[in-house]
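Coordinate-derived values only; no laboratory data. Bear in mind that the values here come from a model prediction, so they are computed numbers and not experimental data. As a convention, Cβ positions derive from the backbone with ideal geometry for all residues, glycine included, and neighbour counts pool all protein chains shown.
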Amino acid sequence: MSESSTNPEQWDDGYEILFNSVPCYVTVIDRDFRIVRANDAFHDSFGYAPNIHCYEVYKHRDTKCRGCPAEKTFGDSKIHRSNQVGVGKKGQKIYYTVRTSALKDVRRNLTHVIEISNDVTPLRKLEERVRQAERLGAVGQTVAGLAHSIKNILMGLEGGKYIVSLGLEKNNKEMINQGWEMLERNFDKTTSLVKDFLSFSKGRLPRLEIVDPGKLVMEIVDLYKEVASRSSIELAPEIDDGVRSAPLDPSGIHTCLTNLVSNALDACLASDKKGTKVTIRVKEKKGVLIFQVEDNGSGIDYEIKKKIFTTFFTTKGGGGTGLGLLTTRKIIEEHGGTISVVSQSGKGARFEMHFPRKRLLELYRQSTRNSKGQPANSK
């Protein structure tokens, strides 16, 4: 093929060898979406398919694929790319990336589209194995964290039981009261752990309704203003005038704000500063609804910040289950949002929840269809 030749037949043979030797799928499709040419790699994976619709061969479908890149190229003559999942001749799933390009005749009329596809199935299988390993790792972390939390609570219950028993034996009312307080405190921890774990383990779509974000903020302020006042912490809302109502799960957002404000108040108490303040802010920027909980308390150092959204991590020692921020992140992600933190040790912290309105509206339409008994993926 590298030799110079003026023989057209030799050139045709060379092009045919090249067409069939490239290590990817190559097909030529006409305007009826029928495959008029296909190389050996395509035949090996999908079978021989002369003059059959591409969607029948690639996908075993009866109708054209939604968002078909070949259709787009026929429409605008431009190159289009797409990630697809096909069905091989043995019924196996084939993941491939496809690139379509226009083929024109001598009059520059677009007559066919060439599709060049790369099989990425091995890569997808590797990604799936990595995800499975991560899931197993997460299960292991969860079990280990849960066992550690339960062990700590059991130790507290055993200690309380021992003191109560000793107080009864010695007829010491003070010891009985002390032991009983320990039992109550650790019973409350058990209840909190179970509730947090159940909340975290629930996999569901948020129950969205149109709500006023500012009212959600004021509910949290009303809930914590007495606690903050007793601790000499200023609790202040900041609600931008331009914030409009949005589809949110009020119960879920309430849980997120509760967790963040509770942590912020604890950080202020731990700082030993005067004039500590917690601000709950809601604003909107470029189509994104933003909630912020900011404090000027003890802050978070770099190493802790890296672990702050991981399973069972807590800065409260025996006073926390480690599921609060993990549950918060889960609820936010169920809304299609993200959470981030900006903090330095000794200089306070600012947690931000970002909710793109476009994604919230998509979820709201989906939940509305579901409530009417339609499938979630109905058109």
note = Placing each pseudo-label 7 Å from Cα in the direction of the beta carbon, residue 162 and residue 43 end up separated by a distance in nanometres of 8.1
key: Percent of alpha-carbon pairs separated by more than 17 Å within the range 39-117   = 48
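Sort 168-181, 288-301, 71-84 by packing, meaning the average of other beta carbons within 10 Å per residue, with the highest value first.
Values: 168-181: 13.2, 288-301: 21.0, 71-84: 15.0.
By packing density, highest mean first, the sequence is 288-301, 71-84, 168-181.
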ask   = Using 7 Å Cα-to-Cβ label points, what is the residue 194/residue 169 separation (nm, one decimal)?
value = 3.0
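Taking 0.36 nm per intervening residue step and subtracting the Cα-Cα distance, what contour gain separates residue 347 from residue 181 on full extension?
Values: separation 166, 0.36 × 166 = 59.76 nm, distance 3.54 nm.
So the chain would gain 56.2 nm between residue 347 and residue 181.
What number, in percent, do you get for the relative contact order of the range 211-287 if the mean sequence gap of Cα pairs under 8 Å and at least 6 apart is divided by its residue count? Don't jump to the answer; show the numbers that get you there.
Details: 83 pairs, mean separation 36.0, N = 77.
With pairs under 8 Å counted, the relative contact order is 47 percent.
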ask   = What nm value, rounded to one decimal, do you get for the distance between residue 51 and residue 226 when each label is placed 7 Å out toward the C-beta?
value = 8.4
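Figure the gain on full extension for residue 83 and residue 151 (residue separation times 0.36 nm, minus the Cα-Cα span) and round it to one decimal in nm. Mind showing how you got there, number by number?
Working: separation 68, 0.36 × 68 = 24.48 nm, distance 4.81 nm.
Value of the extension gain: 19.7 nm.
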inquiry  = Using a Cα-Cα cut-off of under 20 Å, which aspartates and glutamates could be cross-linked to residue 277, ignoring same-chain neighbours fewer than 8 residues away?
reply    = 219, 222, 226, 234, 238, 240, 266, 294, 295, 301, 352
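Using per-residue counts of other Cβ atoms within 10 Å, averaged over each peptide, order 260-270, 15-25, 238-248 from highest down. Can you show the working numbers first?
Working: 260-270: 21.5, 15-25: 13.2, 238-248: 15.1.
Listed from highest to lowest mean packing, they are 260-270, 238-248, 15-25.
Work out how much length residue 236 to residue 103 would gain on full extension: take 0.36 nm times their residue separation and subtract the Cα-Cα distance, in nm to one decimal. List each step's numbers first, then the result.
Values: separation 133, 0.36 × 133 = 47.88 nm, distance 6.44 nm.
Taking residue 236 through residue 103 to full extension adds about 41.4 nm, to one decimal.
Using r as the Cβ-Cβ distance of residue 22 and residue 126, and R0 as 22 Å, what FRET efficiency do you calculate, to the nearest 0.05? It would help to have the intermediate numbers written out before the result.
Working: r = 23 Å, r/R0 = 1.06.
The pair residue 22/residue 126 has a calculated efficiency of 0.40.
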request  = Please compute the net charge surrounding residue 296, taking Lys and Arg as +1 and Asp and Glu as -1 over other residues with Cβ under 15 Å from its Cβ.
outcome  = 0
note = Placing +1 on each Lys and Arg Cβ and -1 on each Asp and Glu Cβ in the range 251-292, then taking the dipole about the Cα centre, the residue among 262, 251, 292 whose Cα reaches farthest towards the positive end is 292
request  = Kindly state, to the nearest 0.05, the FRET efficiency for residue 110 paired with residue 258, given R0 = 51 Å and r defined as their beta-carbon distance.
outcome  = 0.30
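For a 26 Å ceiling on Cα separation, which of these pairs sit above it: 151/347; 161/189; 189/283; 215/358; 64/90; 64/286?
Details: 151/347 34 Å; 161/189 16 Å; 189/283 35 Å; 215/358 21 Å; 64/90 22 Å; 64/286 36 Å.
Too far apart for the 26 Å limit: 151/347; 189/283; 64/286.
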